[in-house]
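Worksheet: the structure to be examined is printed underneath.
Derivation of every value follows stated rules applied to the coordinates shown; laboratory data play no part. A quick note: this is a predicted structure, and the numbers were derived from the prediction, not measured. Glycine also receives a Cβ, built like all others from the backbone with ideal geometry; neighbour counts cover every protein chain displayed.
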Amino acid sequence: MSERTAPATEPAPAATEAESTDTEVTSGATAVIRALENADVETAFGVQGGAIMPIYDALYDSDIRHVTMAHEQAASHAADAYGVVHGAPGVCLATSGPGATNLVTGIADANMDSDAVLALTGQVPSDMVGSDAFQETDTTGVTAPITKHNYFATSPDTVGDTVGEAFALAAEGRPGPTLVDLPKDVSLGETDREPGPGRSPATCRPRTEPADAEVEAAARAIERAEKPLLLFGGGVVKGNATDAARQFATEHRIPVVTTMPGIGAMPEDHDLCLSWAGMHGTGYANMAITHTDCLVAVGTRFDDRLTGGIDTFAPEAEVVHIDIDPAEISKNVHADYPVVGDAERAIERVDAEMTASPDAREWCEQCLTWKDEYPMDYAAPDTEPLKPQFVVEALDEATPDETIVTSGVGQHQMWAAQYWTFREPRRWVSSHGLGTMGYGLPAAIGARLAADDDETVVCVDGDASFLMTIQELSVAVREDLDITVAILNNEYIGMVRQWQDAFFEGRRMAAGYDWCPQFDKLAEAFGARGWAVDSYEEVPEAIEAALAYDGPSVIDFHVDPAENVYPMVSSGGANGKFALSEDQL
């Protein structure tokens, strides 16, 4: 079949600059939309409902593009990914009660990964709050622990300023999600008060300029190191510090490892890059962390999937920790030399302070030796089923270098991170801290809308993750979005099965499926294109056809159900004692 099985609705043409007009403020709802326009919001994701309806009515005449998702959780994931790729906060909307609570997973995900998202939720009228009214939930109470800050709007005269502040706060300093709960009477209430420029509250003034003494101490520690190592976290990407970080690494010839959220901060094909470290990171990255004598960590919170056991993490190293959030300094890993400030500015200041580069020639040679000793390879005999690693490498080879890759969570996520070569930031979009299955497809939708038209977007998903948000294929078809979904289908919740085999004596409980849908046929039913692939010979042709198709496509790769993710550091174990097979765990 060469054409879609269902017609796609053409998106409304964007207004030209001459045609663009700001929303006239006549109510709380129009003030909300005007605040978004003032913040240059171009796209929002959401699901309609009773309490949020006044906001949607005000959105009717706005130039902001609204994408109606199939589920509110997907709206929050799409907004999250949109923000990651775009660089400004993503926006999602939902009604009160179940609409708001359905956003919670995505808000928690954004909070764990420090992604800037603004959530707008409808609420029952103010005089009904606390009465257990229809679709009432204490949204601010529910989301207080998982937002940078949330707001309960109280007046149509001030709600526009509140939304502007929430948007600005989401991006200020360490990014994160914010939420504004909008009672229906506030949205419907009359006002002609124009919201001012969005500014974060005066109480939020992160220290961006590092202290002189901190910079000097860090510089001296790096200069005297014999085995220095740079660790670039997600904060390098979010702080737009990639250029400064790369310049520092290459100028001083210091090897680099990244965290998973930091993938792309350093080109993975650069001779100094050891790829990412942690539970399923490369053996050579974990060996470097284990033996470095000076770990310069930038924009990372040292989570357990990176560190393994804290007592065994970088045991020989003095630690320089650069972060804009002082709460992260020495929270998990003790910082011998803390530097609080903006990542880009801190790197530049430390670089300027250094009078010499560390003599790390032997150390660099050792890191290259580890690359040879622990290569990221795999066996792919013709007598065994299709290997998922092969599929990831084939997709990488067939797509442009700047392709944006989203993923769900599980084995497929690890294989995508391990076997795709990322060269630029904001190309790897995944759920890291919360580990949210189902993230991949809605993230691809958000990424597609944030990306340039000529950029390629691929979602590497697992069968279990894909089933959690498969309904969003309807959105991709309706919005005519050119995304390619590659399902590494092993008919298991693969990482659960791997852990059960390794740590629970092979007792596979609720990890596998005795029946799995035909995803290629489901894709066609949604109006997308679908392919099923069982052999190595079919892989190139299916990938070429899916990428050539101008619209949403799904390739169901039937991969080896017995394949596991390695290297692997046991939970709480030492990074340097990674396993390369199950019998080493």
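Numbers below:
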{"quantity": "Helix-only mean residue ellipticity at 222 nm for the chain, each DSSP H run of n ≥ 4 adding -39500 (n - 2.57), per residue, nearest 500", "calculated": "-10000 deg cm²/dmol"}
{"quantity": "Percent of Cα-Cα distances greater than 42 Å, calculated over the chain", "calculated": "24 percent"}
{"quantity": "Surrounding net charge for residue 99, when Lys and Arg each add one and Asp and Glu each subtract one, Cβ distance under 12 Å", "calculated": "-3"}
{"quantity": "Gap separating the Cα centres of segment 154-175 and segment 542-585, nearest whole Å", "calculated": "41 Å"}
{"quantity": "Net charge contributed by nearby residues that have their C-beta within less than 12 Å of residue 469 (K/R +1, D/E -1)", "calculated": "-3"}
{"quantity": "Segment 305-348: Cα Rg divided by the 2.2 N^0.38 Å rule of thumb", "calculated": "1.21"}
{"quantity": "Pairs beyond 29 Å (Cα-Cα), from 331/387; 227/577; 148/331; 227/387", "calculated": "331/387; 227/387"}
{"quantity": "Note, ³J(HN,Hα) from phi for segment 423-428, Karplus 6.51, -1.76, 1.60, rounded to Hz, x at Gly and Pro", "calculated": "10, 9, x, 6, 9, 10"}
{"quantity": "Share antiparallel - DSSP beta bridges, the chain, percent rounded to 5", "calculated": "5 percent"}
{"quantity": "Cα pair distances in segment 149-274, grouped into 10 Å bins until the bin that holds the longest one, percent each", "calculated": "11, 28, 23, 17, 13, 7, 1"}
{"quantity": "Residue 532 long-range amide H proximity, modeled H, under 5 Å", "calculated": "556"}
{"quantity": "Quarter of the Cα convex hull surface for segment 28-188, i.e. its orientation-mean projected area (nm²)", "calculated": "7.8 nm²"}
{"quantity": "Rg ratio (alpha-carbon, reference 2.2 N^0.38 Å) - segment 212-373", "calculated": "0.90"}
{"quantity": "Debye intensity ratio I(q)/I(0), log10, segment 388-566, q values 0.11, 0.12 Å⁻¹ (C-alpha model)", "calculated": "-0.41, -0.49"}
{"quantity": "Dipole in debye (nearest 20) - the chain, about Cα centre, beta carbon charges: Lys, Arg +1; Asp, Glu -1", "calculated": "1340 debye"}
